[in-house]
Amino acid sequence: MHTIWKGSISFGLVNIPVRMYAATKEKNISFRQLHKLCKTPIQYKKMCPTCREEVPMEEIVKGYEYADHKFVILDKEELDAIAPDNRKSIEILDFVQLKEIDPIYYDRTYYLGPGDTGEKAYSLLRDAMQTTEKIGVAQITIRSKQSLAVVRVFENCLVMETIFYPDEVRNSHQVPGVPADMPLPEKEMSMAQQLIENLTTTFEPEKYEDDYRKKLEEAIDTKVKGEEIIEAPEQQPERVVDLMEALKASLEQSGSKKKKTAK
């Protein structure tokens, strides 16, 4: 694994040298935009629509649009003066229960490995967090951006997950059309709960696949080999309008699946 950051975890007066590694890797398939006539990749240039000319990097400044077409400019010296202190430290501020933080706050995940001579202190923090069943709420500055984060244990390894600040999470009350408490028929509620029970299992991440990416990779491989892509027949889902009928059909389907799995 490639080290993307080196620093330390600090809590109280304890400092633990650590190395940070990316824990996840997105496997999106990206396409280049080409000129249809000659298949040349399209270039993107920074153009000024007023001067109608390409602008070199040394003539570009950072401006914040505080009103429509009105900007305030901050130069590098001004930005540096208010930049957060980059102390190369994951500073744990508090310890809390994992269940207290809703998943909506989580952003990116990183593995933390011990730095030079940090194995003992690393093990001490990891084992203490496992025993107390607590996670650490921390602050870290990466590339001049201060982030809130949590430090926790995953499969015997410390991980750090950046999380959103509270004012970055939109209020769910702003979602239009969400029904308030609605009286629901007891029979429908019972069937819905039974359907959930029928579909309940242990989480096995390896059984889930990105079907679209797999088909896209196969299509690309087919085209590379000079073969024609054959369109698969479209499967039309059964249309069930009535809620009760949909619940009954779903229960029958999930019940038969559960019996097959149990065999």
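May I ask you to order 65-78, 17-30 by the average number of other C-beta atoms within 10 Å around their residues, highest value first?
17-30, 65-78
I need the phi-derived Karplus couplings for the range 59-68: 6.51 cos²θ - 1.76 cosθ + 1.60, θ = phi - 60°, integer Hz, Gly and Pro marked x.
With the stated coefficients, the range 59-68 comes to 9, 9, 10, 9, x, 9, 7, 7, 8, 4 Hz.
For a quick check: with amide H placed at 1.01 Å from N, whose amide H comes under 5 Å from L158's, ignoring anything fewer than 5 positions away on the same chain?
Correct list: L112.
Positive end of the dipole of the range 1-76, charges at C-beta (+1 Lys, Arg; -1 Asp, Glu), about the Cα centre: which of T40, C51, I9 has its Cα farthest in that direction?
Going by the Cα projections, it comes out as T40.
Compute the relative contact order of the range 14-75 as a whole-number percentage, counting only Cα pairs closer than 8 Å that sit 6 or more residues apart in sequence.
Reported relative contact order: 14 percent.
Give, rounded to the nearest 20 debye, the magnitude of the charge dipole that the range 1-132 has about its Cα centre when Lys and Arg contribute +1 at Cβ and Asp and Glu contribute -1 at Cβ.
Computed about the Cα centre, the dipole is about 880 debye.
Rounded to the nearest 20 Debye, what is the dipole magnitude of the range 93-149 about its Cα centre when Lys and Arg each give +1 and Asp and Glu each give -1 at the C-beta?
180 debye
Based solely on C-alpha atoms, express the radius of gyration and the Dmax of the chain in angstrom.
Considering the chain through its Cα atoms, Rg and Dmax are 26.6, 73 Å.
Cross-link partners among aspartates and glutamates for K6, C-alpha distance below 13 Å, same-chain residues fewer than 8 apart left out?
Of all the aspartates and glutamates, those that pass the test against K6 - Cα under 13 Å, at least 8 places apart if same chain - are D116.
Relative contact order, percent, of the chain when contacts are C-alpha pairs under 8 Å separated by at least 6 residues?
Reported as a whole number, the value is 16 percent.
Alpha carbon centre of the range 66-95 versus the range 29-49: separation in Å?
33 Å
Hey, if we sort M47, M189 by accessible area with the 1.4 Å probe, largest down, what's the order?
Of M47, M189, the descending order of accessible area is M47, M189.
Step through the residues of the range 42-50 one at a time and calculate ³J(HN,Hα) from phi using the Karplus curve (6.51 cos²θ - 1.76 cosθ + 1.60, θ = phi - 60°), rounding each to whole Hz and writing x for Gly and Pro.
6, 9, 10, 10, 7, 10, 9, x, 6
Whole-Hz ³J(HN,Hα) for each residue in the range 166-176, computed from phi via Karplus 6.51 cos²θ - 1.76 cosθ + 1.60 with θ = phi - 60°, x for glycine and proline: what do you get?
Values, residue by residue: x, 6, 8, 9, 5, 6, 5, 5, 7, 6, x Hz.
Which aspartates and glutamates have a Cα lying under 17 Å from the Cα of K215, excluding residues fewer than 8 positions away in the same chain?
Qualifying aspartates and glutamates at Cα under 17 Å: E26, E227, E228, E231, E234.
Under 4.7 Å Cβ to Cβ, no partner at all: give me those cysteines from the chain, in residue order.
C38, C157 - these cysteines have no disulfide-compatible partner (Cβ-Cβ under 4.7 Å) in the chain.
What's the magnitude of the charge dipole for the range 90-249 around its Cα centre, counting Lys and Arg as +1 and Asp and Glu as -1 at the beta-carbon? Answer in Debye, nearest 20.
540 debye
For I142, which sequence-distant residues (separation of 5 or more, or a different chain) have an amide H within less than 5 Å of its own amide H, given hydrogens modelled in the peptide plane?
Long-range HN contacts for I142: S147.
Report, by chain and number, residues whose modeled amide H sits under 5 Å from the one on V18, excluding near sequence neighbours (fewer than 5 apart, same chain).
Here G7, S8, I9, G115 satisfy the definition.
The values are calculated or read from the model by the stated rules, or taken from the named source; none is laboratory data. Bear in mind that the values here come from a model prediction, so they are computed numbers and not experimental data. Every residue, glycine as well, gets a Cβ built from its backbone with ideal geometry; the counts of neighbours run over all protein chains shown. Accessible surface is based on the protein model in full, side chains and every heavy atom, while ligands, DNA and RNA are left aside. Shrake-Rupley method; radii C 1.70, N 1.55, O 1.52, S 1.80 Å.
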